[in-house]
Amino acid sequence: MLDPTDAVSRIAEAMDRAWHELLAPDWPQLRAICERDVVHRVGVIGEHGWATTIESLHPSITWQAGGIEIGHFPRVGTVRLAGDGLLLIPSVFVRNIAAHTEAPWPRTWIYRARGTAALWGEQEAVPQPDAPTVLVGRARARLPLALDAPASTSHLARSLAMAPGAVGDHLAILRGAGLLVRARSGRSVLCRRTPLGEALVAGSG
């Protein structure tokens, strides 16, 4: 298959077409989710350290003395980083953990980004609150779930593929209901869930 002289150009053309037809229209939303995850993980590292951060990537991961163990992987032996580091990549497509551990490629973990549930509509399993009644409506109910980490109005709009104006209106109502608060962080104003908002998302509100 790779012998013809035009093999490389044909493969490149097919990949370019796949990108434009399958991913390009949704890329701003997908990228925003992954960027938010990176910001969140950096915050966890600063507040709780590497052990907590690594274990938060998936329930099967444990930080052991001298190493990291992934419980759900088939037994493949020990992979030594030998000072090469470990590349962590958030993804909106994987459900568990994917890994590249063989040379010459960098040792890499691909993990599920936070906020992916809202992207694929999994937030529908979150119970709708009985009160306050201002929260009735699917679009508005998406926002508390998406705020698993503080985010700005523009970032939420990109992540959820909603108009910034609509997101701003919904956030104002949610803040008035006591589910969200906002605070300035540098040049951005970030929204986060209150304890009441956390209870709503957990299904106990």
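When you check Pro144 against the structure, is it open to solvent by less than 50 Å² (accessible area, probe 1.4 Å), modelled with pLDDT under 85 and part of a helix (DSSP H, G or I), yes or no? Talk me through it step by step, then tell me what you get.
Details: open to solvent by less than 50 Å² (accessible area, probe 1.4 Å): yes; modelled with pLDDT under 85: yes; part of a helix (DSSP H, G or I): yes.
Answer is yes for this residue.
Just wondering, is there one or more residues in the stretch 102-109 that are at pLDDT 85 or above, within 18 Å of the chain's Cα centre (by Cα) and either surrounded by 18 or more Cβ atoms within 10 Å (Cβ to Cβ) or under 20 Å from Arg192 (Cα atoms) (or both)?
Just the residues of the stretch 102-109 that are at pLDDT 85 or above, to begin with: 106-109.
Next, from what is left, pick out any that are within 18 Å of the chain's Cα centre (by Cα): 108-109.
Restricting the remaining residues to those that are either surrounded by 18 or more Cβ atoms within 10 Å (Cβ to Cβ) or under 20 Å from Arg192 (Cα atoms) (or both) gives 109.
Yes, that holds for at least one residue.
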| said: Here is a check on your reading of the model: is Ala131 farther than 30 Å from Val79 by Cα, open to solvent by less than 70 Å² (accessible area, probe 1.4 Å) and either at pLDDT below 85 or touching a His at 6+ places or on another chain (Cβ under 8 Å) (or both)? | reply: no
| Got a number for residues in the stretch 18-71 being open to solvent by less than 100 Å² (accessible area, probe 1.4 Å) and among the basic types (Lys, Arg)? | 2
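For the stretch 150-205: of the residues being of a type in the set (Lys, Arg) and closer than 20 Å to Val44 by Cβ, which is surrounded by the most Cβ atoms within 10 Å (Cβ to Cβ)? Talk me through it step by step, then tell me what you get.
Keep residues of the stretch 150-205 that are of a type in the set (Lys, Arg), which gives 158, 175, 182, 184, 187, 192-193.
Subsequent filtering for residues that are closer than 20 Å to Val44 by Cβ retains 192-193.
Working: Arg192: 15, Arg193: 22.
So the residue we want is Arg193.
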| message | Against the condition out of contact with any Ser or Thr (no Cβ under 8 Å at 6 or more places or on another chain), closer than 13 Å to Ala113 by Cβ, open to solvent by less than 100 Å² (accessible area, probe 1.4 Å) and not in a helix (DSSP H, G or I), how does Leu81 come out, does it pass? | response | no
| Within the bounds of the stretch 179-190, is there any residue that is part of a loop (DSSP other than H, G, I, E, B) and within 10 Å of Pro144 (Cα to Cα)? | yes
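Can you confirm whether Leu88 is among the aliphatic types (A, V, I, L, M), touching a strand residue (DSSP E or B) at 6+ places or on another chain (Cβ under 7 Å), in contact (Cβ under 8 Å) with a residue 12 or more places away in the chain and part of a strand (DSSP E or B)?
Details: among the aliphatic types (A, V, I, L, M): yes; touching a strand residue (DSSP E or B) at 6+ places or on another chain (Cβ under 7 Å): yes; in contact (Cβ under 8 Å) with a residue 12 or more places away in the chain: yes; part of a strand (DSSP E or B): yes.
When the stated conditions are applied, Leu88 passes them.
The values are calculated or read from the model by the stated rules, or taken from the named source; none is laboratory data. Remember, predicted model here, so these are calculated numbers, not experimental data. Don't worry about glycine lacking a Cβ; one is built from the backbone with ideal geometry, like all the others, and counts go over all protein chains shown. All accessible areas refer to the heavy atoms of the entire protein, side chains included, with ligands and DNA or RNA removed. Shrake-Rupley method; radii C 1.70, N 1.55, O 1.52, S 1.80 Å.
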